[in-house]
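To keep things clear, I will list the structure first and then write my remarks on it.
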Amino acid sequence: MSSRLILHDLYPDTAEQLISQEASGTTVIAALPGALACRGCFGCWVRTPGVCVLRDDFRGFPALITAHDEFAVVSRLVWGGFSPAVKRVLDRSLAHLLPFFVMRDGEMRHVNRNPRPFRFTAVLYGAGSDQESLRLAEKTLAANAANIGAASWEARFLAGAPEAPLL
């Protein structure tokens, strides 16, 4: 059975209607505006390896990424990237990586703490879907997928607010 981690910035009622939670293999996390921002202290590498030192609901988020077969992000498209709430949570995934580097595809990347392969899927929605924003988003998503060590990735863009099931 395939498992999926979904990080989203949708309202709770909307999320329930649009995100399929088939079987018991789906974990859904709302990117709450009150999530603490990564301080860049690298405590997740030194003081509490693999676990963010900030004490809030997202402390254990990094371990969830490779515990699932797919990591999906549903976010409003903002200036070619994720919404601030989603970005804040994604920044906290640093603990998912080790403080060591390797060359992958001709670029320097961090080593994954848990090299279990997973798929990265991004569904970006909103009015900011002009061609330049979409080009920037594709570039950002490719970099995000490489940085978090995804085995493969896919992007989907919706011109407006989501109305049909997303995942």
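We did not get these values from a lab; they are worked out from the coordinates using the rules stated. Quick caveat, the model's predicted, so the values are computed rather than measured. FYI the Cβ positions are ideal-geometry reconstructions off the backbone, even for glycines, and counts take in every protein chain you see.
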*Place +1 on the Cβ of every Lys and Arg and -1 on the Cβ of every Asp and Glu in the chain, take the dipole about the Cα centre, and give the residue among 80, 145, 11 whose Cα lies farthest towards its positive end.*
145
*Among 75, 152, 93, which one moves the most in a GNM of the chain with springs linking Cα atoms closer than 10 Å?*
152
*Angstrom value of the Kirkwood radius, inverse mean 1/r, which spans all Cα pairs in the chain*: 16.3
*Residue range of the chain that is longest and free of chymotrypsin sites (Phe, Trp or Tyr not before Pro) which are both DSSP loop and sparsely packed (at most 15 other C-beta within 10 Å)*: 80-167
*Calculate how steeply helix 131-147 sits against the longest principal axis of the alpha-carbon atoms of the chain, using the helix alpha-carbon long axis, and give the answer as 0 to 90 degrees to the nearest 10.*
30
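Under a Cβ-only charge scheme (Lys and Arg +1, Asp and Glu -1), can you give me the dipole magnitude of the chain about the Cα centre, in debye to the nearest 20? Don't jump to the answer; show the numbers that get you there.
Working: 17 positive and 16 negative charges, 154 e Å.
So the dipole magnitude of the chain works out to roughly 740 debye.
Could you work out how much longer the chain between residue 53 and residue 146 gets when fully extended? Use 0.36 nm per residue separation minus the Cα distance between them, nm to one decimal. It would help to have the intermediate numbers written out before the result.
On the way: separation 93, 0.36 × 93 = 33.48 nm, distance 2.43 nm.
The residue 53-residue 146 span can extend by a further 31.0 nm.
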*asked:* If you split all Cα-Cα distances of the range 91-160 into 5 Å bins from zero, what percentages do you get per bin, shortest first?
replied: 3, 15, 23, 21, 15, 11, 8, 2, 0
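With runs of 4+ DSSP H residues as the only contributors, calculate the mean residue ellipticity of the chain at 222 nm using -39,500 (n - 2.57) per run, divided by the residue total and rounded to the nearest 500. Walk me through the numbers before you get to the answer.
Details: 5 runs with 42 residues, N = 167.
Value at 222 nm, helices only, nearest 500: -7000 deg cm²/dmol.
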